[in-house]
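What follows is a set of notes on a single structure, which appears directly below.
The values are calculated or read from the model by the stated rules, or taken from the named source; none is laboratory data. Bear in mind the structure is a predicted one, so any value in this text is a computation, not a measurement. Heads up, the Cβs are rebuilt from the backbone with ideal geometry, glycines too, and the neighbour counts pull from every protein chain shown.
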Number of protein chains: 2
Amino acid sequence: MQKQKIAVGVDLGGTSIKLGLVDRTGKILQKISIDSFAAEGPKKVVTQIKLGIKELIKNDNVKIEGIGIGSPGAIIAEKGIVANPPNFPGWGRVPLGKLIESEFGKRVYVENDANAAAIGELIYGAGKNLNYFIMITLGTGVGGGIIINKKIYRGETGGAGEIGHSSIDYNGPVCKCGSRGCIEAYVGNNYLINNVKKDIPSYPNSLISKMLQNDGTELTPKLIYEAAKMNDGFALKIIDDVGKKLGYGLASVVNILDITSIIIGGGVAGFGKPLFNAVTKTVKERVLIPFRARVRIIPAKLKNDAGIKGASALVFYKS
Amino acid sequence: MQKQKIAVGVDLGGTSIKLGLVDRTGKILQKISIDSFAAEGPKKVVTQIKLGIKELIKNDNVKIEGIGIGSPGAIIAEKGIVANPPNFPGWGRVPLGKLIESEFGKRVYVENDANAAAIGELIYGAGKNLNYFIMITLGTGVGGGIIINKKIYRGETGGAGEIGHSSIDYNGPVCKCGSRGCIEAYVGNNYLINNVKKDIPSYPNSLISKMLQNDGTELTPKLIYEAAKMNDGFALKIIDDVGKKLGYGLASVVNILDITSIIIGGGVAGFGKPLFNAVTKTVKERVLIPFRARVRIIPAKLKNDAGIKGASALVFYKS
């Protein structure tokens with residue numbers, strides 16, 4: 001019997017490296033997670049990645065088609081170079097692709113993690129039947145990827161797709177990037193949680209306040225979602241506001257790109273239906289008339305282990 | 001001696017049709033202007049275009065390579081169809097390309113006027129040596145065109161590049177498109193002039209107020225420019241504000257597209273240096289750090305007859 005074609009997906013994070021063996025349909029056959037030891041510099045991180053891959057492929061019963069790595073930072077994809085990933089001290093420019101390729105003798109594909117998420121949806125997920133779409137990942141940051149004619153759009157230097165740093169209010173709150181009113185400065189995890197904390201005293205009877213009073217529970221997007229499921233007005237208001245802010249920003253992106261399918265993933269996308277309804281309504285109200293009927297706001301299909309799957313998709317995208 | 005290769009450029013407007021014979025370097029050899037009679041419907045307008053072209057090519061001493069038409073409205077470029085151009089009653093969808101092609105037996109290229117302006121700069125102008133740039137045309141509307149790898153980017157349905165309808169303030173002034181805070185709602189000619197009129201009473205000593213008091217002179221961008229040249233504080237403030245508003249919007253576009261060369265043309269671009277300085281400063285302050293050093297805000301090279309030249313460039317772009 002012929003061996004199954006399998007990709008290794010490596011999701012490089014500041015705390016841990018998640019790795020998996022993934023088949024052509026996006027199914028994870030096996031996965032592991034190891035420390036990235038980012039504080040010890042790039043050499044150590046590269047050693048950890050190699051260790052992880054070795055552990056993963058030690059059984060000889062699969063044919064490894066290639067290795068995909070999703071990494072934070074600016075990526076020069078065609079050279080497999082990772083430059084200055086945030087939270088990775090001492091990196092500068094590291095030829096990660098070549099370093100891994102020479103160890104395993106397999107083709108290695110390195111991509112920015114937001115672009116990898118978009119390619120993951122394109123190959124396995126909600127973008128399989130779409131020629132054009134915009135991918136938004138709602139996490140600590142707000143990542144973006146642009147698919148044009150089934151290809152990732154990289155821009156002049158590989159930095160395209162920073163939709164989280166599209167501003168919806170030139171006088172808005174300061175974003176860590178130095179601009180004001182960026183989408184991320186409203187709906188990025190930390191900004192969102194801080195804004196909600198400020199508002200809690202005005203909603204003393206909300207379920208959110210009650211859930212927090214009981215013990216040392218932390219305020220998280222998940223807790224907001226739980227309260228919303230129980231129909232808490234404050235929680236629903238928060239989610240509606242996130243949806244509107246996202247919608248304002250995405251309407252401009254639609255007008256610029258004439259791309260009307262938008263896939264949203266990441267933790268905050270777990271707000272579910274109330275979020276997607278608010279985004280859809282806002283985008284439809286704000287885009288140019290000829291685009292309105294075509295607008296589709298779609299939940300990402302890759303949820304758990306989206307990072308591993310997106311990274312592995314780089315292999316099938318290229319081969 | 002071989003005949004020179006020449007394109008016909010047709011700049012279709014709601015009031016007049018401007019036509020010219022243009023050589024490969026963008027030089028206009030001959031030009032005419034005729035009424036468009038838009039109120040009489042598409043048949044009449046098409047007859048007028050044909051009349052104009054006949055008049056233009058009646059001398060047999062040039063070889064016509066093809067005919068380019070820059071038109072308002074939504075264009076299906078590959079089919080030469082013009083759909084619902086604003087200020088042209090009764091159009092719906094008109095197969096303008098085929099109608100002209102069958103009359104003259106020459107290849108006809110139809111393109112949205114904002115895209116034609118971008119292609120004009122690409123073929124003859126400030127974009128000749130650029131692989132990627134964004135073109136902004138500041139007129140009654142704020143048009144946009146996106147050049148990716150020396151090709152115009154059309155999006156899914158040919159409607160891409162509506163940068164004038166990128167919003168910089170979700171709570172900003174209502175735009176005629178139905179959204180709020182669009183770049184056009186600040187710097188489009190009519191919006192700009194109306195805003196300045198409102199502010200005039202607060203600046204009774206400005207040159208602008210004085211120039212207007214004398215007689216029936218109308219407030220125009222040109223008058224503001226003249227006052228600014230004489231160092232009028234109010235005029236310089238207006239121009240600086242236009243530059244900032246444009247800059248806020250363009251910074252988001254740069255972050256989304258990773259395209260850092262921006263060519264600005266159209267009437268309001270005549271504000272010159274104070275405008276370009278304000279746009280450059282604002283964009284550099286607001287884009288993500290890796291883009292900052294690369295930002296270039298460039299005046300359009302095609303000024304007079306940019307419409308004719310842009311339309312004619314469609315022929316050399318394709319052939």
Flagged pairs (Cβ under 7 angstrom, 6 or more apart or on separate chains; first in the range B:308-319, farther than 15 Å from residue B:128 by Cα; second in a helix (DSSP H, G or I) and not polar (S, T, N, Q)) are B:311/B:116
For the range B:145-165, the count of residues that are facing chain A (nearest Cβ under 9 Å), under 19 Å from the mean Cα position of the chain (by Cα) and of a type in the set (D, E, K, R) equals 2
Restricted to the range A:107-131 and to residues being assigned to a helix (DSSP H, G or I) and away from every other protein chain (no Cβ under 14 Å), the residue farthest from residue A:25 (Cα to Cα) is A:113
Of those in the range A:195-221 that are in a helix (DSSP H, G or I), of a type outside the set (A, V, I, L, M) and surrounded by 13 or more Cβ atoms within 10 Å (Cβ to Cβ), the residue farthest from the other protein chains (Cβ to nearest Cβ) is A:209
Restricted to the range B:179-194 and to residues being part of a loop (DSSP other than H, G, I, E, B) and either among the charged types (D, E, K, R) or closer than 21 Å to residue A:183 by Cβ (or both), the residue nearest to the other protein chains (Cβ to nearest Cβ) is B:179
It is to be established whether one or more residues within the range A:132-142 are within 11 Å of chain B (Cβ to nearest Cβ), part of a loop (DSSP other than H, G, I, E, B) and within 27 Å of residue B:130 (Cα to Cα). yes
Given the conditions (1) in contact (Cβ under 8 Å) with a residue 40 or more places away in the chain; (2) buried (at least 20 other Cβ atoms within 10 Å of the Cβ); (3) more than 30 Å from residue B:249 (Cα to Cα), every one holds for residue A:227 apart from (1)
Filtering the range A:186-211 down to residues that are more than 29 Å from the chain's Cα centre (by Cα), among the basic types (Lys, Arg) and within 30 Å of residue A:165 (Cβ to Cβ) yields none
Take residue A:168 and decide whether it is within 14 Å of chain B (Cβ to nearest Cβ), surrounded by 19 or more Cβ atoms within 10 Å (Cβ to Cβ) and under 19 Å from the mean Cα position of the chain (by Cα). no
Listed by range, strands (runs of 3 or more DSSP E) wholly within the range B:1-79 having at least 1 residues that are at pLDDT 95 or above and farther than 29 Å from residue A:291 by Cβ are B:5-12, B:16-23, B:28-35, B:63-71
Checked B:155, B:159 against criteria (among the small types (Gly, Ala, Ser), free of Cβ contacts under 8 Å to residues at least 12 places away in the same chain and under 17 Å from residue A:254 (Cβ atoms)); the one match is B:155
In the set B:247, B:243, the lone residue that is more than 11 Å from every other protein chain (Cβ to nearest Cβ), small (Gly, Ala, Ser) and either assigned to a helix (DSSP H, G or I) or free of Cβ contacts under 8 Å to residues at least 40 places away in the same chain (or both) is B:243
